[in-house]
Amino acid sequence: MNRIASIALPLALFLGLAASTVIVAGRAMPFRQAATLGQEPVDLPDIRLTDQHRREAALVSELAGEDLLVVTFNYTSCQSICGVGNAIMQELDRTVVPRVRRPVRLVSITIDPTVDTPDILAAAAREWAPSARWLWATGRPGDIDKVLRQAKAKTADIELHELVFIVGDGKRKDFHRMPVNDATVPGILAALDGYGS
């Protein structure tokens, strides 16, 4: 199954949900208000990651730093939900993040670090044409397990892993897991806007 076919139906469902969110909401919901609707705080660990350019950096202190952060999880041989997550990150990268008042770092962390080397990540990333702000990252298996546990991401069955987004503010060290219904471009934009300047 090619990449387009493997994501077409899930992507159509997510885009339909995103459109209905915009129509119903009419405007972005402030982050603090959205948090009361189920966003879970995440104690994001400051693990060291290596990106698709072979650069190393710590997730919280260096990649987030003083900026806003969006994290999701994928793996390069995925034939299920990863395409939807990548499409959301691509839309954030191309059209949404440039309009946000503060700098935003996008990070896609592999859940299969023993296979997804920086070179393999680089080849997969090229299909999505990420800007310099969107990194595809791997790390030591124990560190990846730690961030997955902290994010409460279910990955025991790698093919059926959840679509998880973590949104936060590096300056405040304040990170939240997006509820599944808000894990859309409008929902993530609302969370980013809620952090203010």
By the Cα gyration tensor axes a ≥ b ≥ c (a/c under 1.5 gives rounded; else a/b larger than b/c gives prolate, otherwise oblate), the shape of the range 73-128 is prolate
GluC sites (Glu not before Pro) lying in DSSP loop within the range 90-197, provided at most 12 other Cβ fall within 10 Å | 127
Can you give the FRET efficiency for residue 150 and residue 123, using 1/(1 + (r/R0)^6), R0 = 25 Å, r = Cβ-Cβ distance, to the nearest 0.05?
-> 0.30
Whole-Hz couplings from phi, Karplus 6.51/-1.76/1.60, listed for the range 48-65; x for Gly and Pro | 8, 10, 10, 8, 5, 9, 6, 8, 9, 7, 7, 4, 8, 6, 10, 6, 6, x
Name the shape class, rounded, prolate or oblate, that the alpha-carbon gyration tensor gives for the range 39-197, where a ≥ b ≥ c are the square roots of its eigenvalues, rounded holds for a/c under 1.5, and otherwise prolate holds if a/b is larger than b/c and oblate otherwise.
-> rounded
Label-zone membership for the range 177-197, site residue 66, 7 angstrom Cα→C-beta point, backbone N under 17 Å = 196-197
Mind checking the dipole of the range 98-197: about its Cα centre, +1 per Lys or Arg Cβ, -1 per Asp or Glu Cβ, Debye to the nearest 20?
-> 640
Tell me the label-point distance for the pair residue 115, residue 197, using the 7 Å Cα-to-Cβ offset, in nm and rounded to one decimal.
-> 4.6
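The numbers here are math on the coordinates, done by the rules we state, and not lab data. Computed from a prediction, not measured in an experiment: that's the story for all the values here. Cβ atoms come from the backbone with ideal geometry, glycine included; neighbour counts cover every protein chain shown.
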